[in-house]
Amino acid sequence: MAIEPDNPDASEKLAESTDIDRDDNRDEVGEVDENESQPAGWLSRWRNWATGRRLSHVGRALVASGVIVATLTGLAGWLGYRAYEKHEAQAQRDLFVQVARQGAVNLTSINYTEVDADVQRILDTATGAFRDDFEQRSKPFIEVVKAAQSKSEGTVTDAGLESQRGDSAQVLVAVAVKSRTAGGEEAPREWRMRIEVQSVGDEPKVSSVVFVP
């Protein structure tokens, strides 16, 4: 036999009271969780903001460092190239002067016992109209040298680049020449020449010789 409550209204009120208490407890728990999550969310946002600022500073520093390195690398490359160009230009000028000096020595150092080789050496280091003209006159020249039993020796006393245009240059050369023939030793002579040197491929050669006062 079931026992029914004496007061049904009281039972209903008790049940409602229990449900209300449960709802209140859920509300209170929810409020506590929300209150507890606010500091955690604020810390998370602050951490993200701070991390973002640190990364931003690091990124800017890396970009600035990269720009500096690239600039210094470019500057070093440009300076190196300029130094290389300067070195190459100076080397070319020195080579022109050296060829002119040797050309002057070849023209003034002739021995009648070796005149054929001496003439060939002049032709080997000459080019253009100068070579053609000297080659045409070489046979009469050889005959005169042999007939006079001439010996001459030239020594360069001074040489300097006068002008340069592209792959050619004019060089002033001063030469002291000692000579003797079958008749005896002659007085030393001082000659000045304007020798033009022109590059033929990778090899500069004498292209013109003019005696100057």
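Things worth noting here:
- In segment 70-207 the Cα-Cα distances spread across 10 Å bins starting at 0 as 12, 33, 29, 14, 7, 4, 2, 0 percent of all pairs.
- Under 13 Å, Cβ to Cβ, from Glu185 - net charge with Lys/Arg +1 and Asp/Glu -1: +2
- Relative to one another, the C-alpha centroids of segment 140-202 and segment 76-137 are positioned 12 Å apart.
- Projected label points at Ala89 and Ser163, each 7 Å from Cα along the beta carbon direction, are separated by 1.8 nanometres.
- Each Lys or Arg adds one and each Asp or Glu subtracts one; over the other residues with Cβ under 13 Å from the Cβ of Lys146, this totals -2.
- Label zone at Thr181, where the point sits 7 Å out along the Cα-to-Cβ direction: segment 129-145 residues whose backbone N lies under 11 Å: 144-145
- Environment charge of Ala126, counting only residues whose C-beta is closer than 14 Å and scoring Lys/Arg +1, Asp/Glu -1: -3
- Cα shape, segment 128-194, gyration tensor, a/c 1.5 rule: oblate
- Projected label points at Asp124 and Lys146, each 7 Å from Cα along the beta carbon direction, are separated by 2.0 nanometres.
Each reported figure results from applying straightforward, stated rules to the coordinates on display, with no laboratory input. Bear in mind that the values here come from a model prediction, so they are computed numbers and not experimental data. Note that we place each Cβ from the backbone using ideal geometry, even for glycine, and neighbour counts take in every protein chain shown.
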